[in-house]
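Right, one structure below, let's go through it.
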Amino acid sequence: MSVESTKPRDACCSKLKLFLASMAFAYFAKAFGGAYMKSSITQIERRFDIPSSFMGVIDGSFEMGNLLVIAFVSYFGAKLHRPRLIAIGCMIMSVGSFLISLPHFLQGPYKYETSMIHNTQVNDTESILPCSSNHSLTDVDDTPDLATRADCEKATGSSMWVYVFLGNILRGIGETPIMPLGVSYLDDFSKEENTPFYLACIHTVGILGPMFGYMMGSFLAKIYVDVGSVNLDSVTINYKDSRWVGAWWLGFIATGTIVLLSSIPFWFLPKSLPKQGKEKDQSKGLELCTEAEQDNFLQHQDQEEKEVTFQEMAKDFIPSLKILFRNSIYSMMILTYLVIVNGFIGMITFKPKFLEQIYGQSASKAIFLIGILNLPAVALGVITGGFVLKRFKLGVIGAARVSITASLGSFCLLLVQVFLRCESAEVAGLTVTYQGIPDVSYEPQTLLSQCNAGCSCSMKQWDPVCADNGMTYASPCLAGCETSTGTGKEMVFHNCSCITEVISPSQTTSAVLGQCSRKSDCDRVFKIYMVLSVVGSFISACGGTPGYIVLLRSIQKDLKSLALGMQTLIVRTLGGIPPPIYFGALIDRTCLKWGTKQCGGRGACRLYDADAFRWIFMGLIAGLYLLSNMMWGGLYCKIVQRQKKLALREQAKENGLEGNSVNGHADVNIALNKEDTDKESTI
């Protein structure tokens, strides 16, 4: 008899474990694709010659896809076959990833911005004249008319970014069912005390996705975009150049394949499972709902599931929303998460560009460091937060304390990072004068000087060369170079008249291709920044799981999917779409040198005002995190206040003064009587 009784339980546990493993893989796959998209922003921006603000719109299209379906998927999906809906979502994500990579196969080869001289094939012994009064680059400066530009853009396929935009929308639509339906399914059929640990495990495995995504992004950023179809010896730039575009399209093929594989296990999982540990006393669990609600839920689990019509589900939708948003704890948590996500999305979207422009790191190295240092710290923080909850059996108040403490600690470290800086790159005519004096005007016309006045140089071209004096010049012509030797990346320019103004006797008047490296003390400052960033990431992540548990326990069981879906809808709509756009627009305002598109017009930014970039980027993030900490404080006070009310009711019940009071766990249950539940859902 005992053997027979254990079989259903073992089958239940095995299916629950299969779902847990499938969810972990799905979280890994979606995070893998999402992180790779973030790591490829710089490459896509350069490939299609678009500013950061416009790239922010493309990046925000993922949340736009979520916005289209999240409310309906969360509500109606909870009453349908949740595992199969998750499988369908993964397949849609896969199609979106493949669609993003499509422009590479429809466009022609990438033609980066360079001077006309570099397009001339020369021998090592043959010299050319970058600076000469006998030639003029005025044709390069002329802006073609609209008709000519339209024909040019059609020929070059520069509008192919539309495929990236649409593919990212599909990724957002496909990702929609995974979080609300998956978490609610797991929480419905697992023991209450196991839920925090299960969620921590899923999120920890999920964190591996961004780590691998950023590492793959770093690797592919070093591979030229047209690898296999062009002669790499003819390419005059390397992966450290601001015009370089890596093989971004390869990563989306890989992520699409991984996401497609993650959909397979969900097709074989049942619509529902018996409650894990159902035979045990559940009054000691952490669930924050009334006894009547628990009994009602268990009855529904024991009964044969009835077919629910679409009309019946739609009829309950608006009343369910009203009950949900009357819960002040839930509403306050949504607002708090909204502010936090605004800061986080803005930071993670443009952090590679921040490291590149402020600390002189290559895009590849910046992406690699984020993936190998920051993300493992986040994974360790998430699992640590879940372990602390389970080890000390913390209730809602304890979880809130852990979360707000972690938030305050990470904010303090963030403030220190705001004031860390490196010396700006010395670029003649942009950040310093041609005599090496720091220039605070940043006027474009300063690119012209007496030393290059007779060279007929284009001020729109960005083809930087580095002199022995450590100064970068926007082009060989603007450096006043008269001759050159070598081909491709090995080209060297000689007799540069502008360099002679600021050199010591031991230095030469020659220049090589590429921008100069930062000063040596920048490496030390950068290491300090990365240490603070990694420690801050760990501390912040420690509060992730406790904060999520506070959210879960603030809602009753039958509204859990809807609540998680609405949270995702609101946070991703107002916290996911706007930040890349307004962060990008503010960052664009710090640009000192814009690139020029192949068809004319302004392209991607090549050089930023480092100090202005740092103050705007880090200052905005710090301001948002300060606001979120203030909101966390108000939320904590609200939870404590509710807890005191519950304690009084429990005491009254024990004294026989309140016979119909709700029974719940003293540490975490903030359930209310019938009159209060009309205003608030249970916490």
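Within a Cβ distance under 13 Å of Met91, other residues only, what is the Lys/Arg minus Asp/Glu net charge?
Values: positive: Lys30, Arg84, Arg171; negative: Glu175.
Cβ neighbours under 13 Å give a net charge of +2.
Amide H contacts under 5 Å for Tyr608: Leu592, restricted to partners 5 or more places along the chain or on a different chain, H placed in the peptide plane at 1.01 Å from N.
Rounded if a/c is under 1.5, else prolate if a/b beats b/c, else oblate: with a ≥ b ≥ c from the C-alpha gyration tensor eigenvalues square-rooted, which is segment 547-593?
prolate
Put simply, the amide H of Thr483, placed in the peptide plane, has neighbours under 5 Å in His494, leaving out anything fewer than 5 places away on its chain.
Using a probe of 1.4 angstrom and keeping all protein chains present, the accessible surface of segment 302-433 works out to 44 square angstrom per residue.
Solvent-accessible area of Arg401, all protein chains in place: 130 Å² (probe radius 1.4 Å, heavy atoms, ligands and nucleic acids excluded). Distances between placed amide hydrogens fall under 5 Å for Ser272 paired with no residue 5 or more residues away or on another chain. Excluding ligands and nucleic acids, what accessible area in Å² is computed for Trp249 using a 1.4 Å probe, to the nearest 10? That residue has around 30 Å² of solvent-accessible surface. The heavy atoms of Cys412 offer some 80 square angstrom of accessible surface to a 1.4 angstrom probe.
Protein heavy-atom accessible surface, 1.4 Å probe, per residue over segment 539-643: 30 Å². Could you sort out which of Lys38/Lys222; Lys222/Lys351; Lys38/Lys489; Lys111/Lys593 sit more than 22 Å apart by Cα distance in this structure? From the list (Lys38/Lys222; Lys222/Lys351; Lys38/Lys489; Lys111/Lys593), the Cα-Cα distance tops 22 Å for Lys38/Lys489. Packing here is the average count of other Cβ atoms within 10 Å per residue, and on that basis the peptides 253-264, 52-63, highest first, run 52-63, 253-264.
Surface listing: Val164, Val416 arranged by accessible area from highest to lowest gives Val416, Val164, probe 1.4 Å.
Of Trp267, Trp615, which has the most accessible area and how do the rest follow, probe 1.4 Å?
The ranking, largest first, comes out as Trp615, Trp267.
Here are some pairs, Lys322/Lys653; Lys315/Lys645; Lys322/Lys638; Lys30/Lys322; Lys560/Lys653; Lys240/Lys597; which of them have Cα atoms lying more than 25 Å apart in this structure? Cα-Cα > 25 Å for Lys322/Lys653; Lys315/Lys645; Lys30/Lys322; Lys560/Lys653; rest within.
The values are calculated or read from the model by the stated rules, or taken from the named source; none is laboratory data. Keep in mind it's a predicted model, so treat the numbers as computed, not measured. Note: ideal-geometry Cβ built from the backbone for every residue, glycine included; neighbour counts use all protein chains shown. Surface accessibility is based on the protein's heavy atoms, side chains included, excluding ligands, DNA and RNA. Shrake-Rupley method; radii C 1.70, N 1.55, O 1.52, S 1.80 Å.
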